[in-house]
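Read-outs throughout are calculated quantities, based only on the coordinates presented, and are distinct from any laboratory measurement. Just so it is clear, the structure is predicted and the values come from calculations on it, not from any experiment. Here the Cβ is made from the backbone with ideal geometry for all residues, glycine too, and neighbour counts use every protein chain on show.
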Amino acid sequence: MDPKLPIRATTQQQIPLEDIQNDIFILKDGSCGIILTVNALNFSLLSETEQEATIYSYAALLNSLTFPIQILIRSKRKDISSYLNLLIEEEGRQKNSLLLNQIKKYRKFVEEMIRKNNVLDKQFYVVIPFSTAELGAPQAVAGSLISSKTSLPFPKNYILEKAKINLEPKRDHLTRQFARIGLVANKLITEEIAALFYEIYNSEQADFQKIAPGAQYKYPLVQSIKQSGLESPLEKPVNQQTASTTAAKPAEAKTPQPPAEVNQTQG
């Protein structure tokens, strides 16, 4: 390859994602799908009878499926630096010497636990796909409806309409089956799907930049956040399309709250 030749391909061209609309992600080959987030169940804390009931309910869920699904488990290191900063701020405001001493001991305990263990945050997803084969033969759609500016085999509105009709009954069926196990399944909305794909493709940057709440924006925005008391070098939010936007300031918490449950594995 000649090093003098200009690179014309962009990063977006290497990503299979075409668009996210109406809570549905669309891939460049025309296939699409929806994503459900499912809470966890601590199986080891259940009694023997409850464990058997859970196993049979899960087997019934699998046997009831007439369509493919994908189960995705994402494990990432839990970032509790903001919680530690909140404890430090509370120490500075605390005037009661007894409470101040207890807060310091608790903060040191949390810091020591994080230092000795890999504190992981696990998230569970179920993807319900919709393939291009379910759209029908390409010739069934008038050629005039297919835009030459897109690689999709069908018009986007046509794909979204067919996918919605096909995926909603499947979503309702899975939601009911998960409820029998004691699990709650919720469909990710457009903004949440965008944030998930952003974290998958930008795992390192996602620790310093987050997708900003942007229902009013045409494209997802990225905002910088503070970590471990240090400001990220990326001080301003970055627009994924134009790299131009206004800064977003993280909200301040008034009172410390205990961190969410996390899974611990020995480092």
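Grab the beta carbon distance between Met113 and Glu192, set R0 = 25 Å, and tell me the FRET efficiency rounded to 0.05. Numbers along the way, then the final one.
Details: r = 30 Å, r/R0 = 1.19.
Here the calculated transfer efficiency is 0.25.
What residues qualify as long-range amide H neighbours of Ile211, i.e. H under 5 Å apart, gap of 5 or more or another chain, H built at 1.01 Å from N?
Gln223
Give the residues of the stretch 150-169 whose amide nitrogen is closer than 16 Å to a point set 7 Å from the Cα of Asp29 in the direction of its Cβ.
151-154
In sequence order, what are the phi-derived ³J(HN,Hα) couplings for the stretch 118-128 according to the Karplus relation 6.51 cos²θ - 1.76 cosθ + 1.60 with θ = phi - 60°, rounded to whole Hz, with x for glycine and proline?
Using θ = phi - 60°, the values come out as 8, 7, 10, 10, 9, 10, 10, 10, 10, 9, 10 Hz.
I need the peptides 16-27, 113-124, 80-91 ranked by packing, meaning the mean over residues of other C-beta atoms within 10 angstrom, with the highest value on top. Mind showing how you got there, number by number?
Details: 16-27: 17.6, 113-124: 14.0, 80-91: 16.1.
Highest mean packing first, the order is 16-27, 80-91, 113-124.
In nm, what is the difference between 0.36 nm times the number of residues separating Ala60 and Leu120 and their Cα-Cα distance? The partial results should precede the final answer.
On the way: separation 60, 0.36 × 60 = 21.60 nm, distance 3.02 nm.
Result: 18.6 nm gained on full extension.
I need the peptides 35-43, 47-55 ranked by packing, meaning the mean over residues of other C-beta atoms within 10 angstrom, with the highest value on top. Could you put the intermediate results ahead of the total?
Values: 35-43: 14.8, 47-55: 11.6.
Ranking the peptides 35-43, 47-55 by packing returns 35-43, 47-55.
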